[in-house]
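Colleague: This is the structure I want to talk about, given as structure tokens.
The values are calculated or read from the model by the stated rules, or taken from the named source; none is laboratory data. Treat the numbers as computed from the prediction; the structure is a model and nothing was measured. Neighbour counts are summed over all protein chains in view; Cβ atoms, including those assigned to glycine, are modelled from backbone coordinates with ideal geometry.
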Amino acid sequence: MEEDIDFTIKQRLEIVKIEERQKEALKELDNLITKIEDKNMKLQTLREVEEKCLVEIEKEAEERVGMAIKKLAKAGETMADLEKKATLTVSEVKNRSKQAQDAVLGLLSRAKELVDRSETLKEQSEEVTKVILKAQEDLHGRIQTNSEFEMILKKREKEVEIKTKKAEEKLKDAKDLAFWHREPGSKYIQK
């Protein structure tokens, strides 16, 4: 009978030990659940911050593209104005040059004084031609500069598109990660 009592006491001690282990396991499980909830809160905060950053990046990209379009339009208007002015200048110079040449031809019948004057007019005509040629070179240089500027803007537009795509991929990865924490092994399906 004493053996039965000892055996019963041993069984009760084993049961108490098992119950204590169960309590410790439940505490550890509660701690683990708390940690998981904390991580989920941090991931949610991170996702919200990332979404806010993506919205800001998209807004800034739209503003830059808008500014680039405005600058291109302004550059186009400036080029059109320069072309009109150059055309007017060239036609005015042609008219003046023709008038000067006509005056020279009319004055050739006079004496040496008139010949000297015609030489002066010729020199002035050559200087005007040099000015016109210089103006044409300047116009060509500006057209080339504007073309290079347009290429730079197109390159930047491509960079903005690439960065936007990368940001969208990161947002999807963040959504997948957040969704996975709610339901491990599953993927977020965008609506």
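Colleague: Give all pairs with beta carbons closer than 7 Å in which a residue from region 75-87 that is under 12 Å from residue 142 (Cβ atoms) meets a residue that is surrounded by 12 or more Cβ atoms within 10 Å (Cβ to Cβ) and among the basic types (Lys, Arg); count only pairs at least 6 apart in sequence or on separate chains.
Modeller: Once the first residue is under 12 Å from residue 142 (Cβ atoms) and sits in region 75-87, its partners that are surrounded by 12 or more Cβ atoms within 10 Å (Cβ to Cβ) and among the basic types (Lys, Arg) give 82/142.
Colleague: Please indicate, with yes or no, whether at least one residue in region 161-177 is basic (Lys, Arg) and exposed (fewer than 12 other Cβ atoms within 10 Å of the Cβ).
Modeller: Yes, region 161-177 contains at least one residue that is basic (Lys, Arg) and exposed (fewer than 12 other Cβ atoms within 10 Å of the Cβ).
Colleague: While we're looking at this one, here's another question. Is it the case, given these coordinates, that residue 65 is modelled with pLDDT under 85 and closer than 30 Å to residue 173 by Cβ?
Modeller: yes
Colleague: Are there any pairs, at least 6 apart or on different chains, whose C-beta atoms fall under 9 Å, with the first in region 14-37 and assigned to a helix (DSSP H, G or I) and the second surrounded by 10 or more Cβ atoms within 10 Å (Cβ to Cβ) and of a type outside the set (Ser, Thr, Tyr), and if so, which?
Modeller: Listed by first residue and then by second, the contacts come to 36/181.
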